[in-house]
1. At a temperature of 20 °C and a viscosity of 1.002 mPa s, determine how fast segment A:1-120 diffuses translationally according to Stokes-Einstein, using the Kirkwood radius over alpha-carbon pairs as Rh; express D in µm²/s, rounded to the nearest whole number.
2. Treat every Asp and Glu Cβ in chain A as -1 and every Lys and Arg Cβ as +1, leave all other atoms uncharged, and give the resulting dipole magnitude about the Cα centre to the nearest 20 debye.
3. More than 34 Å apart: what percent of Cα pairs in chain A qualify?
4. Can you list the residues in segment B:26-53 whose accessible area drops by at least 20 Å² when all protein chains are present, compared with the chain alone? Use a 1.4 Å probe, heavy atoms only.
5. Per residue, how large is the accessible surface of segment B:14-58? Use a 1.4 angstrom probe and give square angstrom.
6. Which residues of segment A:472-512 bury at least 30 Å² of accessible area once all protein chains are present, versus their chain alone (1.4 Å probe)?
7. Name the lysines eligible as straight-distance cross-link partners of A:Lys56: C-alpha to C-alpha under 17 Å, and not fewer than 8 places from it in the same chain.
8. Note the buried accessible area between B and A here, summed over both chains, with a 1.4 Å probe, in Å² to the nearest 100.
Amino acid sequence: MSLLEITALPTAENSVIHLHPTDNIGVARVPLSAGQALRVAGEAITARTDIPAGHKVALRGIGAGDSIVRYGQVMGRASAAIAAGEHVHTHNVAFEDIRFEYEFPTGEEPAPAPAADAPTFLGYSREDGRAGTRNYIAVVAASNCAAHTAELIAASYAGQTLPENVDGVVAFPHGDGCGHAFGPDMDQFRRTIAGVLDHPNVSSAIILGLGCEVNQIDYYLGPDGPRTGRVVGMTLQQSGGTRSTVEAARREIATMIDRAASERRVETPASKIVLGLNCGGSDSFSGITANPALGWCSDRLAEYGAAAVLGETPENFGAEHLLVKRARNRAVAERLLQLMANYRAYLRQFGSTFDDNPSPGNKAGGLTNILEKSLGAVAKAGASTMTDAIDYAERVRTPGFVFMNTPGYDPVSLAGLAAGGANLIVFTTGRGSAIGFPTIPVIKVASNSATYRRMKENIDVNAGRIADGQATVADVGREILELALRAASGERTRAELLGHHEFVPWRIGPVM
Amino acid sequence: MKENIDVNAGRIADGQATVADVGRESLELALRAASGERTRAELLGHHEFVPWRIGPVM
């Protein structure tokens, strides 16, 4: 099946996308056949082989060792001489760990005054000043040993009609919480669990342990715990096992539902939105359609004084010089580079490098290496100033574009963004994705129309219309923004309607 | 946690059974379970599955 099913007849002029005047490759908008005549930037070339949609074609002869340029940026070197019209991909592009010259900011970029015409949404106002886009009761497993019981508790409300403004009782089962090493691994894990317990989309929560796990529930309780008075702890060992714990939890939840039912959506400024940005199952179109459209939306939110949080550290590798330039000040730029250096060291412990990243699906979609993937991925964050660079699951504290250190692995990245306080997530996908989160609306944006049509039931917005010539980046960006505001006010996304609730924390230490 | 547990080896410490007694009880239950008798974990629907990731998360 071809990636794009274009109804309009492709012509020599519109079959290849030339992204930047200095690019020596073009991107096939439609599948190209060997011998097909093409005209790109005024030059006539002939496709030498069949080239799948989304894949790259050389626009001129490229000598062995010469740079391959996409988006006006170097993404690798030719490992052999490449003739005009040839397919450019993993077979003739060498990955290169490029050393960048960084242009550090010299002063302090002041925060812009929030736009006077900023829109509002209907959200839940929380004691700590943050706003919820949902009103859930969360049952969070302290360890895998409590995961099934957490699921049973949530499942016991299936089919039960809850008050109108209680979105549900949701479980956070996961595989971690015990067998952890103390130190950075345990600290980060606790930060993640605390972040989902005190999340603004959660009215009240239960932290549920087995009783003997490394991740003791006491940490989350008491006067210094997150959301004192809204988090209750219990363990299977104290409550008498699986079934007794379900009953005990239901007694606590009865009170929690009453409290949640008394909470109301109120008109809330858009500045209270903390938008998590993620991409998954990327293809070559992601960086041309869905990610720039999401970037348009991120820039508008930054103007409104809201935050847009870019994660996926491995997918920023090769584009960090572009982010350094956009940092609010030198300290923020240095923090970003430190987080990337830490990630590199983390991978080195296991003998891995950043270029292990593009998955087989990414490559089939035309992405050759991590540099190319990153250059397309950072487009999600638009062009706004980077106001902060924070570690995994740390609280987002500044408006505007914020970088968070997360893996590229989607559910793990989403867990970090969520724990940091994202109350809305927009997720772009080329190959197709079904992911959601237990307490946060996840809006899915397809990069191409074929994927949109194939997985319509999972996808909210079709950015493929940009490549089809039926919409501009701004058109789709506006569509994402409008849907984001509606979803923030309560409209259910496809992932929510399907009940998606993936939750995978990032274990950085060994399993003991 | 009776509802989760099939055998009480605590009876050895209580002086009510020997190691061999509880060993035999466990063996007999193991053979009955192998023949189809449901364990407590099965009756409660427990189905934990966590593979061991030894590499980094990319």
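1. The calculation lands on 131 µm²/s.
2. For this selection, approximately 380 debye.
3. 38 percent
4. B:Leu44, B:His46, B:His47, B:Glu48, B:Val50, B:Trp52, B:Arg53
5. 77 Å²
6. Buried on complex formation: A:Val511.
7. Cα-Cα hits under 17 Å: A:Lys363, A:Lys373.
8. Interface between B and A: roughly 1700 Å².
The values are calculated or read from the model by the stated rules, or taken from the named source; none is laboratory data. Bear in mind the structure is a predicted one, so any value in this text is a computation, not a measurement. Positions of Cβ are generated from backbone atoms using ideal geometry, with glycine treated the same way; all protein chains shown enter the neighbour counts. Side chains are part of the model used for accessible areas, which takes the heavy atoms of the whole protein and leaves out ligands, DNA and RNA. Shrake-Rupley method; radii C 1.70, N 1.55, O 1.52, S 1.80 Å.
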